[in-house]
Amino acid sequence: YVKPLHEIDAQIPAHVEWLKKGYADGLFLASGRKIPRTGGVILANYDDADVLQNYLAQDPFRLSGVAKVDLIPFEPTMMVTELKAVL
């Protein structure tokens, strides 16, 4: 987050709707707040980084200027069996 929490909180309803669409579209696997509450994390599964970047650009947190996005690609080398179907 780059703004005070009261500004973040004002954007949460729109952000949650945006997240729901990301889940429905099969793009997001998990999401939640960081502890302490300084931002959040979204675990996404994508084939095309441009598609993900375009979707992230529509995040109400980003559009309202209350948060910035850092995309951190990684290639999992170990995981529980349940994740193998989605990663």
From the Cα trace of segment 1-46, what convex hull volume per residue do you get, rounded to a whole Å³?
68
Distant-in-sequence amide H partners of A44 (H built 1.01 Å from N, under 5 Å)
L29
Determine ³J(HN,Hα), in whole Hz, for all residues of segment 20-26 in sequence, where each value follows from phi through the Karplus function 6.51 cos²θ - 1.76 cosθ + 1.60 and θ = phi - 60°; x replaces Gly and Pro.
4, 5, x, 5, 4, 7, x
Largest first and to the nearest Å, give the Cα extent of the chain along each principal axis.
39, 27, 19
Relative contact order of the chain (C-alpha contacts under 8 Å, at least 6 apart) in percent is 33
With DSSP loop assignment and no more than 13 other C-beta atoms within 10 Å, the trypsin sites (Lys or Arg not before Pro) in segment 20-70 are K34, R37, K68
Applied in sequence order to segment 7-16, the curve 6.51 cos²θ - 1.76 cosθ + 1.60 (Karplus, θ = phi - 60°) yields integer Hz couplings, x standing for Gly and Pro, of 6, 4, 4, 5, 9, 4, x, 5, 5, 5
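Each value in this text was obtained by applying a stated rule to the coordinates, not by laboratory testing. Keep in mind that this is a model prediction, so the values were computed, not measured. Glycine also receives a Cβ, built like all others from the backbone with ideal geometry; neighbour counts cover every protein chain displayed.
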